Structure formats: C-alpha cells, structure tokens
Amino acid sequence: MTTTLPVSYFDALYARSDDPWRFETSAYEQAKYQATLDALPGPRYRRALEIGCSIGVLTERLADRCEQLVAMDPASKALELARSRCRQIPHVTFVHGQAPDDWPAGRFDLILLSEVVYYLSSDDVSRLAKRVVGSLAPGGDVELVHWIRETDYPLSGDEAAEGFIAEVSGALCLLGQQRTHDYRLDLLSRR
C-alpha cells in the first residue's frame with residue numbers, strides 16, 4: 001500500500017532550491033507547457049483550477065487563457081514564489097493546500113492536474129477523482145500531464161493517469177491522449 005507524499009516532502013525540496021524541477025530553465029518543461037496549453041480544446045475558460053501550481057511558471061502562461069484562475073500548492077515557499085511571479089495578474093488567486101484533502105469552493109470549467117496525481121496513494125486518487133467530478137462544470141475539461149519515466153513517487157505516471165481515468169469513467173469522457181518519450185497528456189471532458 002502506497003501513501004500520499006506528505007507536505008513536508010515538498011517543503012524540503014523548496015528549502016533546498018527555489019526551482020527543484022527547473023521549471024524556469026528546462027527545455028523539457030517549456031515544451032511540455034506549450035503542449036499542455038495547445039491541447040486544451042477551449043480557447044478561453046471562465047474559471048480554471050490548477051492543482052500543484054508550484055512556483056507559477058505554467059500558471060503565468062495559463063492565466064492568458066482564463067477569466068479567473070485558482071492555483072493551489074501545498075508548499076508555502078512555492079506558493080510565495082508563484083504569487084510573486086503572477087503579482088501583475090489580478091485574476092489569479094492562490095490557495096495553500098494539498099488535494100484531495102483541501103479543495104477550493106465553486107465550479108470550474110477547466111481543472112489542470114499537471115504532474116501531481118502520481119504523488120497520491122491509490123485511495124487518494126479515488127478521492128481526487130470525486131472532488132474533480134463534483135466541481136467540474138457542465139462542458140468542463142480536465143487535463144492530466146505526467147512524467148512516464150522512472151520515479152520514486154507512490155505511483156508511476158501511467159498508474160496515476162490510468163487510475164484517475166478509471167475513477168471518472170461514466171462521469172467524464174476521454175477526448176484524447178498524447179504520449180511522448182517523457183510524458184503523457186490525457187484530456188477528459190464532461191460533454
């Protein structure tokens with residue numbers, strides 16, 4: 001039985017580095033961010049939720065496609081850096097919390113889960129799926145993006161994505177999937 005990574009895991013990473021995954025400088029991250037945004041079926045979203053926003057590099061880019069964006073992360077330092085990065089974007093709101101236990105109120109027409117689901121236990125993936133389905137507006141989209149090479153996380157990228165997709169089947173339909181050598185992208189919708 002795997003367990004969800006605790007907040008202390010992320011706090012320790014950010015204590016060692018402001019950008020532990022090189023979100024600002026990695027060519028891999030920049031290409032993945034562009035693919036993430038290109039895959040979104042909607043040109044613009046009324047209210048979006050980004051779970052695991054980290055230091056806000058993708059948040060800043062995603063904000064251009066949203067009227068309102070709620071970005072959440074469990075690591076206090078990461079959230080502080082994200083707030084600073086996006087300080088000139090008034091329609092972005094930051095929430096300190098760890099899904100699925102913490103969840104912003106309201107409905108969203110886009111929920112982005114980029115490289116976060118594999119930090120959860122299988123039980124928490126099930127709970128996350130319920131949270132997503134419960135807060136996704138009619139016609140809303142969900143995008144999953146996960147590294148598929150070896151990790152030391154509770155789940156592999158494929159296990160995380162497949163587990164989540166299985167949990168939401170019947171409520172959401174799979175619109176499309178992309179796979180590179182490094183990551184997979186899954187797009188679901190309530191159509």
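Just so it is clear, none of the values below were taken in a lab; they were calculated from the coordinates. Note that the structure is predicted; figures quoted are calculated from it, not measured. Glycine gets a Cβ as well: all are built from the backbone with ideal geometry, and neighbour counts include every protein chain shown.
Can you tell me how the stretch 125-191 classifies by the Cα gyration tensor, rounded, prolate or oblate, using a/c under 1.5 as the rounded cut?
Numbers: a/c = 2.68, a/b = 1.56, b/c = 1.71.
Oblate, because a/c is 1.5 or more while a/b does not exceed b/c.
Please compute the modelled spin-label separation between Glu24 and Arg149, points set 7 Å along Cα→Cβ, answer in nm with one decimal.
About 2.3 nm, to one decimal.
Count charges around Val142 for me, please; just the other residues with Cβ under 9 Å from its Cβ, Lys/Arg as +1, Asp/Glu as -1. Mind showing how you got there, number by number?
Working: positive: Arg190; negative: Asp141, Glu143, Asp186.
That sum, taken over residues with Cβ under 9 Å, equals -2.
Counting only DSSP beta bridges with both residues in the stretch 7-189, what percent are antiparallel, rounded to the nearest 5?
Numbers: 13 of 35 bridges.
The antiparallel fraction comes to roughly 35 percent.
With the Cα gyration tensor of the stretch 61-153 giving a ≥ b ≥ c as the square roots of its eigenvalues, does the rule (a/c under 1.5 for rounded; else a/b larger than b/c for prolate; else oblate) give rounded, prolate or oblate? Show your work: numbers first, answer last.
Values: a/c = 1.64, a/b = 1.21, b/c = 1.36.
Taking the square roots of the gyration eigenvalues as a ≥ b ≥ c, the stretch 61-153 is oblate.
Just to confirm the filter: which GluC sites (Glu not before Pro) across the stretch 85-191 are DSSP coil and have at most 10 other Cβ within 10 angstrom of their Cβ?
Working: sites: Glu115, Glu143, Glu150, Glu159, Glu162, Glu167; in loops: Glu115, Glu150.
Those satisfying the criteria are Glu150.
For the residue pair His91 and Arg61, what label-to-label distance in nm results when each label sits 7 Å from Cα along the Cα-to-beta-carbon direction?
1.9
Ignoring everything except DSSP H segments at least 4 long, calculate the 222 nm mean residue ellipticity for the chain; use -39,500 (n - 2.57) per segment, divide by total residues, nearest 500.
Counting only the DSSP helices, I get -10500 deg cm²/dmol.
Given Cα pairs under 8 Å that are at least 6 residues apart, what percent is the relative contact order of the chain? Let's see the in-between values first.
Numbers: 363 pairs, mean separation 37.5, N = 191.
It comes to 20 percent, rounded to a whole number.
How far apart, in nm, are the 7 Å Cα→Cβ label points at Ser121 and Glu162?
Label at Ser121, label at Glu162, 2.2 nm between them.
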